[in-house]
Amino acid sequence: MLCLIMRRGPTPGATFELDADEITIGRGIKNHIVIHDNEVSREHCLLVRLLDGYEVQDLHSNTGTFVNGQRVIASWVLTPGCLIEIGDTITLEYGHYDPAREEALSAPEAQYAAHLFNPDAAFGLMMTMGPAVGYLYELSKPLIKVGRDLSNDLVIQDPEVSRFHIRLTRTLSGYTVEDLNSTNGTTINGVPLKGSIQLEPNHVIKLGSMVQLQFIHQVTPGTGSIDNPRPRKLVDANANYVETLQNIFIVKPKEGTPATSMLGTGIDPGSLVDHIFIAYARKDWQSLVAPLMVTLQSGNLKAWVDQYLAQGSKDWMAAVEQALGECWLMAVLWSAEAAHSNYVKIQYRYFLQYEKPLIVLQCDDTPLPTELTRARVVNYQGAESRSFHKVMYEIINYRRLRGIV
């Protein structure tokens, strides 16, 4: 039986049987599949039966319809496993209904992990090439999407990474990986990825030509020292991400040494002295920060962000401390979200305290705190607006004053 299963949205796990020749999806009550979400248009998309399946057509929706990260312009023939994205908040998986699989996927994370895994096993992806070299991403969910879009479980902001690039699915022995029709392709140990394959320890996954991830499978029996690591276990779905990293991948340091992970921050001392520190709220990443980063880089300006580190983790704290000390200029993207971020406040107050140059990019009408009113302020409307030229002017002026070529 062909169906759509809601993987993300107001009713995760809901199953919609596909048995009509034409099936409409939208917010309006007259649709065959009704989804109550502001991202969904009244009549959003249409499924049309083909010989042995369906194709999807977008009905001129406001937020668009995407299949495996690619926007549907005319129509798209669906194959089992395709992910249909409606706007930024709804994900539907197309395929044949498998009651056993759905029961496993809907089970509590801790029960599912105990059923499938050696409890002392840990799985992860280590970035060996790309924007966050040396960073380790812990894997525990049944389904893990990787791509440029912020709705992915693992977000990688690189131009060669597709909006939705690959998907990992948990199995009895670890994880399988499949390419989601990405633009620049995926290779495993240099071989183009076709279909789905089981990942083996130290498999190298390459996304396009600029991002490389190494699959880690670690079993750690024994008792507590660096040479003989303490036992580690998978944590349940309610565990904090930082706790997960600490429980699985962080080795207890020797007494009197800084508490950081085995991997460290991946930043060499002194490597950020020519960088601009971007202070921002993470909810503003896709709309404001990522476009700004790309535009700055196109102007041969180096910028540092903390997007690829888990906020609050020991590595994050070490990296932020280094960046605050070394970066020569700070750009604060001030918005309603930033005004509620204690992290942003701590960061810009450091620069104010040490009288380091600071520019405020005021992104909306959120009032500035008194302490920021003495900084250079630019009314900022985005990286492609004329206001960006004002930002560049301020940066160049500061460079000249500091004698930076």
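The values are calculated or read from the model by the stated rules, or taken from the named source; none is laboratory data. None of these values were measured; they are calculated from a predicted model. In this analysis, Cβ positions are derived from the backbone assuming ideal geometry, glycine residues included, and neighbour counts consider all displayed protein chains. The accessibility values were calculated without ligands, DNA or RNA, using every heavy atom of the protein model including side chains. Shrake-Rupley method; radii C 1.70, N 1.55, O 1.52, S 1.80 Å.
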- prompt: Which of the helices (runs of 4 or more DSSP H) contained wholly in the stretch 295-405 include at least 3 residues that are at pLDDT below 80?
  reply: 387-402
- prompt: Within the group Arg232, Arg282, which residue is basic (Lys, Arg), more than 30 Å from Thr79 (Cα to Cα) and at pLDDT 90 or above?
  reply: Arg282
task: Answer yes if at least one residue in the stretch 93-115 is touching a Phe, Trp or Tyr at 6+ places or on another chain (Cβ under 9 Å), aliphatic (A, V, I, L, M), modelled with pLDDT of 90 or more and closer than 20 Å to Gly9 by Cα, and no otherwise.
output: no
- prompt: Among the numbered criteria (1) touching a strand residue (DSSP E or B) at 6+ places or on another chain (Cβ under 8 Å); (2) at pLDDT 85 or above; (3) loosely packed, with under 14 Cβ neighbours inside 10 Å; (4) of a type outside the set (D, E, K, R), which single criterion is violated by Val273?
  reply: (1)
field: Tally, over the stretch 138-157, of residues that are in contact with a Gly (Cβ under 6 Å, 6 or more places away or on another chain) and either modelled with pLDDT under 80 or assigned to a loop (DSSP other than H, G, I, E, B) (or both)
entry: 1
message: Just to be sure before I move on: is Ala339 under 20 Å from Gly382 (Cβ atoms) and touching a residue at least 12 places away in the same chain (Cβ under 8 Å) in the structure I sent?
response: yes
- line: Among residues of the stretch 189-208 being closer than 16 Å to Gly130 by Cβ and of a type in the set (A, V, I, L, M, F, W, C), the residue most open to solvent (accessible area, probe 1.4 Å) is Val204
message: For the stretch 146-171, give me the residue count where each residue is open to solvent by 20 Å² or more (accessible area, probe 1.4 Å), within 25 Å of Ala122 (Cβ to Cβ) and in contact with a His (Cβ under 9 Å, 6 or more places away or on another chain).
response: 0
So Ala319, is it farther than 16 Å from Val289 by Cβ and open to solvent by less than 10 Å² (accessible area, probe 1.4 Å): yes
query: Could you list, in sequence order, the residues of the stretch 276-307 that are closer than 18 Å to Met392 by Cβ and in contact with a His (Cβ under 8 Å, 6 or more places away or on another chain)?
result: Lys302, Ala303, Trp304
message: Considering only the stretch 349-363, I want to know if a residue exists there that is in contact (Cβ under 8 Å) with a residue 60 or more places away in the chain, open to solvent by 20 Å² or more (accessible area, probe 1.4 Å) and over 18 Å from Arg376 (Cα atoms).
response: no
- prompt: Restricting the search to the stretch 3-29, which residues are part of a strand (DSSP E or B) and either open to solvent by less than 30 Å² (accessible area, probe 1.4 Å) or under 11 Å from Ile90 (Cα atoms) (or both)?
  reply: Cys3, Leu4, Ile5, Met6, Arg7, Arg8, Ile23, Ile25, Gly26
- prompt: When the stretch 54-63 is examined, which residues are found to be at pLDDT 90 or above and either in contact with a strand residue (DSSP E or B) (Cβ under 8 Å, 6 or more places away or on another chain) or closer than 18 Å to Phe164 by Cα (or both)?
  reply: Tyr54, Glu55, Val56, Gln57, Asp58, Leu59, Ser61
task: Scan the stretch 369-389 residue by residue and report those that are of a type in the set (Val, Ile, Thr), open to solvent by 20 Å² or more (accessible area, probe 1.4 Å) and under 22 Å from Gln297 (Cα atoms).
output: Val377
statement: Note on Val67: of the conditions (1) out of contact with any Gly (no Cβ under 9 Å at 6 or more places or on another chain); (2) free of Cβ contacts under 8 Å to residues at least 24 places away in the same chain; (3) surrounded by 21 or more Cβ atoms within 10 Å (Cβ to Cβ), unmet is (2)
